[in-house]
Amino acid sequence: MSIDQKLKDLGITLPEPAAPVASYRPAVEANGMLYVSGQLPFIDGEIVTGKLGADVSLERGVEAARACGIMLIAQIKAALGGDLDRVGQIVKLGGFVASVSDFTDQPKVVNGASDLMEQVFGEAGRHARSAVATPVLPLDAAVEVDAIVALKA
């Protein structure tokens with residue numbers, strides 16, 4: 001089954017890839033790898049903002065991380081000329097969670113993106129990962145996730 005069909009079966013419609021907010025490229029392909037810049041959580045056209053442990057619940061944080069994952073897939077698709085079937089392996093996700101100092105559930109938050117990758121790409125979606133706390137993210141986003149992807153030859 002193609003990845004596009006899998007997305008359709010999951011009821012996921014990819015958004016337009018977000019434009020960079022500073023001086024960088026959304027994705028760079030080099031030596032069979034695709035490096036995807038950090039993506040912010042857009043839900044219903046708005047960025048999920050705030051801090052986990054203060055004004056953003058764990059459940060909303062998981063939704064935000066999933067939204068980051070959806071935007072990552074949109075960026076991957078754009079970088080690969082529309083062909084998501086070129087994805088060989090999601091190698092690593094980097095998850096950044098804006099949170100207060102006593103919030104320690106960053107791994108649970110980033111599961112929103114991790115679980116999505118496995119749902120969409122199957123075994124090729126299982127990856128290494130980091131999930132770290134940060135005091136603030138660009139545009140006051142609650143979560144940001146980046147990716148390293150191995151491509152099929």
Note to self: Being buried (at least 20 other Cβ atoms within 10 Å of the Cβ), more than 18 Å from Leu84 (Cβ to Cβ) and not β-branched (Val, Ile, Thr) is the filter here; which residues of region 12-49 pass it?
What the structure shows: Gly38, Leu40, Pro41
Next item on the list: Collect the residues in region 2-17 that are in contact with a helix residue (DSSP H, G or I) (Cβ under 6 Å, 6 or more places away or on another chain) and β-branched (Val, Ile, Thr), keeping them in residue-number order.
Entry: Ile3
Notebook entry, point to check: Looking at region 1-41, which of its residues are of a type outside the set (S, T, N, Q) and assigned to a strand (DSSP E or B)?
Noted result: Ala27, Val28, Glu29, Ala30, Met33, Leu34, Tyr35, Val36, Gly38
Checklist line | Selected residue (only one of Gly61, Gly94, Gly88 is touching a helix residue (DSSP H, G or I) at 6+ places or on another chain (Cβ under 8 Å) and either within 17 Å of Val36 (Cα to Cα) or surrounded by fewer than 19 Cβ atoms within 10 Å (Cβ to Cβ) (or both)) | finding: Gly88
Next item on the list: Restrict the check to region 92-113 and report whether at least one residue is at pLDDT 95 or above, of a type in the set (Ser, Thr, Tyr) and closer than 20 Å to Lys8 by Cα.
Entry: no
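The values are calculated or read from the model by the stated rules, or taken from the named source; none is laboratory data. Remember, it's a predicted structure, so these values are computed and weren't measured experimentally. Counting neighbours? That spans all protein chains shown, and the Cβs are built from the backbone with ideal geometry, glycine included.
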